[in-house]
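Asker: Encoded as structure tokens, here's the structure I'll be asking about.
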Amino acid sequence: MNIILFGPPGAGKGTQAHRLVHDFGMVQLSTGDILRQAVKEGTEVGKIAGELMKAGKLIPDDLMIRILGERLDKPDTKNGVIFDGFPRTKPQVEALDKLLAERHSKLDCVIEIKVDENALVKRIVGRYVCAQCGAGYHDEFKRPHKEGVCDICGSTEFKRRPDDNEEAVRARLVEYHEKTAPILPVYEARGIVAYVDGMLPMGDVATKIAEILKEKDAKPISA
Ligand code: AMP
């Protein structure tokens with residue numbers, strides 16, 4: 001089963017995708033993660049993407065589509081993919097259809113995580129992760145039990161995304177409204193969109209998403 005987690009930055013797509021990997025054994029395909037890795041490694045793609053990402057701007061479609069095609073060629077995607085952060089534009093929607101069809105596959109479901117946008121900037125600007133294990137924290141909503149020490153692995157090093165500052169977040173929201181939100185009606189016309197309330201606690205959002213997937217016959221790993 002192939003699904004898209006859809007929603008603005010900070011809706012919780014990455015967090016929910018992590019859970020689905022764990023619960024359903026699907027593969028998370030986060031184009032943001034792929035780009036951040038490229039920036040870290042200093043590749044050609046990383047050089048193009050780095051500045052645009054810092055400014056909260058989208059990376060050109062042709063580059064993103066090439067990256068996605070290469071990722072879909074890896075064998076781990078055969079059993080189902082959670083698209084997290086792709087597609088973000090209409091050309092990317094068309095490209096995804098084509099890339100999946102070429103691989104004798106298709107999109108099964110788009111899950112929109114609906115959020116109150118006034119809450120987003122605060123949500124994003126306060127978030128950080130453990131530099132060792134990636135556990136997520138927030139300045140206001142989820143501090144480690146012991147200040148400065150990761151609850152999961154005990155590390156004392158944490159990091160923030162360079163594009164999680166207020167200016168970049170506002171730019172990311174503008175890009176979302178101009179280019180990404182208009183693609184939802186394309187999928188709605190196909191009758192494959194389901195909606196969840198992303199303002200619920202994280203665990204409840206995960207439960208709702210799991211219910212949607214089970215209705216569509218996805219099998220949890222433990223079943
Ligand atoms: P994300 O981790 O999904 O929030 O993505 C972080 C940043 O990576 C975005 O603000 C864009 O600059 C870039 N990016 C990720 N996915 C895409 C995409 N599908 N199309 C264009 N730019 C993207």
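The values are calculated or read from the model by the stated rules, or taken from the named source; none is laboratory data. Just so you know, these numbers come straight off a predicted model, no measurement behind them. We place every Cβ from the backbone using ideal geometry, glycine too, and count neighbours over all the protein chains shown. Surface areas here come from the heavy atoms of the whole protein model, side chains and all, with no ligands, DNA or RNA. Shrake-Rupley method; radii C 1.70, N 1.55, O 1.52, S 1.80 Å.
Asker: Within region 151-164, track down each residue that is at pLDDT 95 or above and either of a type outside the set (D, E, K, R) or farther than 18 Å from residue 49 by Cα (or both).
Answerer: Of everything in region 151-164, those that are at pLDDT 95 or above and either of a type outside the set (D, E, K, R) or farther than 18 Å from residue 49 by Cα (or both) turn out to be 151, 152, 153, 154, 155, 156, 157, 158, 159.
Asker: State whether one or more residues within region 78-87 are modelled with pLDDT under 95, over 18 Å from the mean Cα position of the chain (by Cα) and either within 14 Å of the ligand (Cβ to nearest atom) or closer than 26 Å to residue 213 by Cβ (or both).
Answerer: Checking region 78-87: at least one residue is modelled with pLDDT under 95, over 18 Å from the mean Cα position of the chain (by Cα) and either within 14 Å of the ligand (Cβ to nearest atom) or closer than 26 Å to residue 213 by Cβ (or both).
Asker: While we're on this one: Mind listing whichever residues of region 177-206 are open to solvent by 20 Å² or more (accessible area, probe 1.4 Å), part of a helix (DSSP H, G or I) and either touching a His at 6+ places or on another chain (Cβ under 7 Å) or at pLDDT 95 or above (or both)?
Answerer: Residues satisfying the conditions are 177, 178, 179, 181, 182, 185, 186, 188, 189, 204.
Asker: Considering only region 153-165, I want to know if a residue exists there that is in contact with a helix residue (DSSP H, G or I) (Cβ under 9 Å, 6 or more places away or on another chain), open to solvent by less than 60 Å² (accessible area, probe 1.4 Å) and closer than 25 Å to residue 26 by Cβ.
Answerer: No, the conditions are met nowhere in region 153-165.
Asker: Something else about it: When the residues of region 58-77 are filtered to those that are closer than 12 Å to residue 32 by Cα and near the ligand (Cβ under 8 Å from one of its atoms), which remaining residue is surrounded by the most Cβ atoms within 10 Å (Cβ to Cβ)?
Answerer: Pass one, region 58-77, residues closer than 12 Å to residue 32 by Cα: 58-59, 64, 67-68.
Narrowing the set further to residues that are near the ligand (Cβ under 8 Å from one of its atoms) leaves 58-59, 64, 68.
Details: 58: 18, 59: 18, 64: 24, 68: 20.
Ranking the candidates gives 64 first.
Asker: Looking at region 46-56, is at least one residue more than 8 Å from the ligand (Cβ to nearest atom), open to solvent by less than 50 Å² (accessible area, probe 1.4 Å) and in contact with a Gly (Cβ under 8 Å, 6 or more places away or on another chain)?
Answerer: No: region 46-56 contains no residue that is more than 8 Å from the ligand (Cβ to nearest atom), open to solvent by less than 50 Å² (accessible area, probe 1.4 Å) and in contact with a Gly (Cβ under 8 Å, 6 or more places away or on another chain).
Residue by residue, here is whether (1) assigned to a loop (DSSP other than H, G, I, E, B); (2) open to solvent by less than 30 Å² (accessible area, probe 1.4 Å) holds:
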| site | (1), (2) |
| --- | --- |
| 83 | no, yes |
| 92 | no, yes |
| 96 | no, yes |
| 100 | no, yes |
| 104 | yes, no |
| 107 | yes, yes |
| 113 | no, yes |
| 121 | no, yes |
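Asker: When region 123-170 is examined, which residues are found to be assigned to a helix (DSSP H, G or I) and in contact with a His (Cβ under 9 Å, 6 or more places away or on another chain)?
Answerer: Taking region 123-170 and keeping what is assigned to a helix (DSSP H, G or I), we get 123-125, 166-170.
Residue satisfying the conditions is 123 alone.
Asker: Residues 131, 119: which one is touching a Ser or Thr at 6+ places or on another chain (Cβ under 8 Å) and more than 15 Å from the ligand (Cβ to nearest atom)?
Answerer: 131
Asker: Does at least one position in region 131-147 carry a residue that is charged (D, E, K, R), touching a residue at least 12 places away in the same chain (Cβ under 8 Å) and at positive phi?
Answerer: First, the residues of region 131-147 that are charged (D, E, K, R): 139-140, 142-143, 146-147.
Subset that is touching a residue at least 12 places away in the same chain (Cβ under 8 Å): 139-140.
This time we only want the ones that are at positive phi, so: none.
Scanning region 131-147, I find no residue that is charged (D, E, K, R), touching a residue at least 12 places away in the same chain (Cβ under 8 Å) and at positive phi, so the answer is no.
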